[in-house]
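So the structure is just underneath, and the comments pick up after that.
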Amino acid sequence: MKKIKLLGLFVLSAFVSTNSIAQIKMVGGAAMYPTKNIVENAVNSKDHTTLVTAVKAAGLVSTLESKGPFTVFAPTNEAFDALPAGTVATLLKPENKAKLTSILTYHVVPGKLSSMDLMKMVKAHHGKASLKTVEGENIYLSRKGKNLIVTDENGGMAMITIADVNQSNGVIHVINKVLLPK
């Protein structure tokens, strides 16, 4: 009987361990732990060094470390590199902090919205849903095949490339373009 109980505990322990590991996503070569906040995870992603630098320059670290919850559409380094030459360097200058803050907060929506939540919104609104960002303007969601597309006020489109990266204070959806407010 003891052997059966021990075997049962071993199997249960293996299930719990496997289930916990399955919830951890890899982004930019780093594990994203759902027990850590947005900043604690983002600083480890090799694909988001530009975003982290921008968040620091804009003074948004403490905000993104706070309780939230937040849904962050996180552009990769490649997305920032696709902007016109010199754009990032110009935005990182202290005199452009307000503009940088506006762009970064345009990528954040209050609440924790999973990709399933976003898909349901798109379906409920006949293929196109809008979300009010922390910046104050809207972004728009649509679907292209199985992919979720985020469109900014200027018609710029980004695809969610990694969805549902859960954080202790929200969720990150990695996107392949930088969204720009009007």
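Can you find, within the stretch 49-93, the residue that is surrounded by the fewest Cβ atoms within 10 Å (Cβ to Cβ) among those that are assigned to a loop (DSSP other than H, G, I, E, B) and of a type in the set (Lys, Arg)?
Lys67
Going by the conditions given, is Lys120 more than 28 Å from Lys36 (Cα to Cα) and not aromatic (Phe, Trp, Tyr)?
No, not satisfied.
Please specify each residue of the stretch 25-48 satisfying the condition of being surrounded by 16 or more Cβ atoms within 10 Å (Cβ to Cβ) and assigned to a helix (DSSP H, G or I).
Result: Ile38, Val39, Glu40, Asn41, Ala42, Asp47, His48.
Kindly establish whether Thr101 is in contact with a helix residue (DSSP H, G or I) (Cβ under 7 Å, 6 or more places away or on another chain), without any contact (Cβ under 8 Å) to a residue 60 or more places away in the chain, under 17 Å from Pro181 (Cα atoms) and part of a helix (DSSP H, G or I).
Judged against the criteria, Thr101 is a match.
Values in this text are rule-based calculations from the coordinates and carry no lab data. For clarity, every value in this text was computed on a predicted model and none was experimentally measured. Ideal geometry is used to build each Cβ from the backbone, glycine not excepted, and the neighbour counts take in all protein chains shown.
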